[in-house]
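Student: Okay, handing you the structure first.
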Amino acid sequence: MTYAIRFSETGGPEVLRAEDVVVPPPAAGEATVRQQAVGVNYIDIYHRSGVYPVPLPSGIGVEGAGVVEALGAGAGDIAVGDRVGYAGGPLGSYADVRNLPADRLVRLPAEIGEEQAAGMMLKGLTAQYLLRRTYRVQPGDTILVHAAAGGVGLIMCQWAKALGARVIGTVGSDAKAELARAHGCDHPIVYTREKFAERVRELTGGEGVPVVYDSIGKDTFMESLACLRPLGMMVSFGNASGVVPPFDTGILSRLGSLFLTRPTLFAYAAKRSDLLSMAAELFEMVVSGKVRIEVSQRYPLREAARAHRDLEARRTTGSTILIP
């Protein structure tokens, strides 16, 4: 018998329960993966709390890494014994064994372990599409990254720096500022004591930045728009502080014909060819040492609720993983 973390009602971390489950043989196109590590991400909190509604009862989690134990018919290029990672697919990564669509799995290079992979697949692929596709960062660009000491933020700061960008980041404490600075953030702004929009204008000589990457949502959205130069792009890719309320889109014209996008990894990586090319670029950055993956918190899988509490309380930095 295997087990998984599931929830039958939305709410706080207390709704998460460890349950015995039966994992059937993989269906056509599926692979059975015995997981070595599971990634914890803010989207898991959105699912658990009901911000992103899902049919209940439900599993939870969208990221993990492990070893393929069995395959259904038509599983493509994945083989039994492959070490694989994934981000996306059906909910349910908080489990020791699970079935997944084989076309969502990516083989891991020998240089990348399962724990590292579980801390980087969702966050690293997110950084890849944000920096290379949503707004293609160029040498000399000055960019703003919110939550610069978080899992996605640390990866983005390093990657953007490797691309030749100047990185401004917001953080919640002096300790997080030092962590962000050590990972390529040129100008950490402690938002608890500085008005970040004013500071961004100071750092850019009043010009503003061409792009803001905002995973915070409600609390930062309007001030993020104020950081942009004319024709700049607001990239809203998360709601850590709550969903952005409706607003007058005329604000975008008044602030200089701004662009606004709300992207998701699942759209950018919908095609397997795109998923593989994105993962290849991510792996290259990590194996080369240009991007270091900081797995800063590890919890037993059965303590998933504690991991959620710490993430929501902003007591975490870098990546958080669960160990089955």
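The values are calculated or read from the model by the stated rules, or taken from the named source; none is laboratory data. Note that this is a predicted model, so its numbers are computed, not measured. Neighbour counts run over all protein chains shown; Cβ positions are idealised from the backbone, glycine included.
Student: Restricting to region 214-235, and then to whatever is farther than 21 Å from Ala313 by Cα and in contact with a helix residue (DSSP H, G or I) (Cβ under 7 Å, 6 or more places away or on another chain), can you tell me which residue is surrounded by the fewest Cβ atoms within 10 Å (Cβ to Cβ)?
Tutor: Ala226
Student: Go through (1) modelled with pLDDT under 95; (2) closer than 18 Å to Leu130 by Cβ for Pro245 and report which single condition fails.
Tutor: (2)
Student: In region 176-287, which strands (runs of 3 or more DSSP E) lie fully inside it and hold 3 or more residues that are out of contact with any Gly (no Cβ under 9 Å at 6 or more places or on another chain) and hydrophobic (A, V, I, L, M, F, W, C)?
Tutor: On the way: elements: 187-190, 209-214, 228-236, 259-261.
Those strands (runs of 3 or more DSSP E) span 228-236.
Student: Hey, another quick one. Those residues that are surrounded by fewer than 19 Cβ atoms within 10 Å (Cβ to Cβ) and either of a type in the set (Ser, Thr, Tyr) or not assigned by TED's automatic domain parsing to the domain that holds Arg17 (or both), I need them from region 296-322; list them, please.
Tutor: Those that are surrounded by fewer than 19 Cβ atoms within 10 Å (Cβ to Cβ) and either of a type in the set (Ser, Thr, Tyr) or not assigned by TED's automatic domain parsing to the domain that holds Arg17 (or both): Ser296, Tyr299, Thr316.
Student: Another question about this same structure. Select, from Ala197, Ala182, Ala160, Ala175, the only residue that is surrounded by fewer than 24 Cβ atoms within 10 Å (Cβ to Cβ), small (Gly, Ala, Ser) and closer than 23 Å to Leu122 by Cα.
Tutor: Ala182
Student: Which one is nearest to the chain's Cα centre (by Cα) among residues in region 35-61 that are farther than 21 Å from Arg298 by Cα and among the aliphatic types (A, V, I, L, M)?
Tutor: This residue is Val51.
Student: Does region 221-233 contain at least one residue that is at pLDDT 95 or above, more than 17 Å from Val200 (Cα to Cα) and assigned by TED's automatic domain parsing to the domain that holds Tyr135?
Tutor: Here is the first cut: in region 221-233, the residues at pLDDT 95 or above are 221-233.
Those still in the list that are more than 17 Å from Val200 (Cα to Cα) too: none.
Scanning region 221-233, I find no residue that is at pLDDT 95 or above, more than 17 Å from Val200 (Cα to Cα) and assigned by TED's automatic domain parsing to the domain that holds Tyr135, so the answer is no.
Student: Against the condition of a type in the set (Gly, Ala, Ser), free of Cβ contacts under 8 Å to residues at least 40 places away in the same chain and surrounded by fewer than 23 Cβ atoms within 10 Å (Cβ to Cβ), how does Gly81 come out, does it pass?
Tutor: yes
Student: In region 240-255, which residue that is surrounded by 13 or more Cβ atoms within 10 Å (Cβ to Cβ) and out of contact with any Lys or Arg (no Cβ under 7 Å at 6 or more places or on another chain) is farthest from His308 (Cα to Cα)?
Tutor: Within region 240-255, the match that is farthest from His308 (Cα to Cα) is Leu255.
Student: Then there's this: Can you tell me which condition Gly74 does not meet? The list is (1) under 26 Å from Val295 (Cβ atoms); (2) surrounded by fewer than 20 Cβ atoms within 10 Å (Cβ to Cβ); (3) at pLDDT below 95, and all the others hold.
Tutor: (1)
Student: Out of all the residues in region 265-324, which are in contact with a helix residue (DSSP H, G or I) (Cβ under 7 Å, 6 or more places away or on another chain) and either on the phi > 0 side of the Ramachandran plot or small (Gly, Ala, Ser) (or both)?
Tutor: Answer for region 265-324, where residues must be in contact with a helix residue (DSSP H, G or I) (Cβ under 7 Å, 6 or more places away or on another chain) and either on the phi > 0 side of the Ramachandran plot or small (Gly, Ala, Ser) (or both): Ala269, Ala279, Ala305, Gly318, Ser319.
Student: Moving on. When you go through Leu265, Leu275 one by one, which is the residue that is crowded, with 21+ Cβ neighbours inside 10 Å, in contact with a Phe, Trp or Tyr (Cβ under 7 Å, 6 or more places away or on another chain) and under 26 Å from Val38 (Cβ atoms)?
Tutor: Being crowded, with 21+ Cβ neighbours inside 10 Å, in contact with a Phe, Trp or Tyr (Cβ under 7 Å, 6 or more places away or on another chain) and under 26 Å from Val38 (Cβ atoms) holds for just one of Leu265, Leu275, which is Leu265.
Student: Could you say which residue among Gly85, Gly74, Gly92, Gly64 is closer than 29 Å to Pro263 by Cα and either part of a loop (DSSP other than H, G, I, E, B) or more than 26 Å from the chain's Cα centre (by Cα) (or both)?
Tutor: Every option except Gly92 fails the conditions.
Student: Taking Leu258 and the conditions (1) over 25 Å from Glu115 (Cα atoms); (2) in contact with a Phe, Trp or Tyr (Cβ under 8 Å, 6 or more places away or on another chain); (3) buried (at least 16 other Cβ atoms within 10 Å of the Cβ), which numbered condition does it fall short on, given that it satisfies the others?
Tutor: The one condition Leu258 does not meet is (2).
Student: Residue check, Gly217 against (1) at positive phi; (2) modelled with pLDDT of 95 or more, all met but one. Which one?
Tutor: (2)
Student: A further question follows. Does region 103-121 include one or more residues that are within 29 Å of Met234 (Cβ to Cβ) and touching a Phe, Trp or Tyr at 6+ places or on another chain (Cβ under 7 Å)?
Tutor: Yes, some residue in region 103-121 is within 29 Å of Met234 (Cβ to Cβ) and touching a Phe, Trp or Tyr at 6+ places or on another chain (Cβ under 7 Å).
Student: Among the residues in region 267-275, are any at pLDDT below 95 and among the aromatic types (Phe, Trp, Tyr)?
Tutor: no
Student: Given the residues Leu71, Leu100, Leu56, which is the only one that is within 23 Å of Thr126 (Cα to Cα), of a type in the set (A, V, I, L, M, F, W, C), out of contact with any helix residue (DSSP H, G or I) (no Cβ under 6 Å at 6 or more places or on another chain) and assigned by TED's automatic domain parsing to the domain that holds His308? Give the derivation first.
Tutor: On the way: Leu71 fails: within 23 Å of Thr126 (Cα to Cα); Leu56 fails: within 23 Å of Thr126 (Cα to Cα).
The unique qualifying residue is Leu100.
Student: I'd like the residue in region 4-27 that is over 25 Å from the mean Cα position of the chain (by Cα) and part of a strand (DSSP E or B) and, out of all such residues, is surrounded by the most Cβ atoms within 10 Å (Cβ to Cβ).
Tutor: Our first condition is that a residue be over 25 Å from the mean Cα position of the chain (by Cα); within region 4-27, this holds for 19-27.
Subsequent filtering for residues that are part of a strand (DSSP E or B) retains 19-21.
Working: Glu19: 14, Asp20: 8, Val21: 16.
Among those residues, the one meeting the criterion is Val21.
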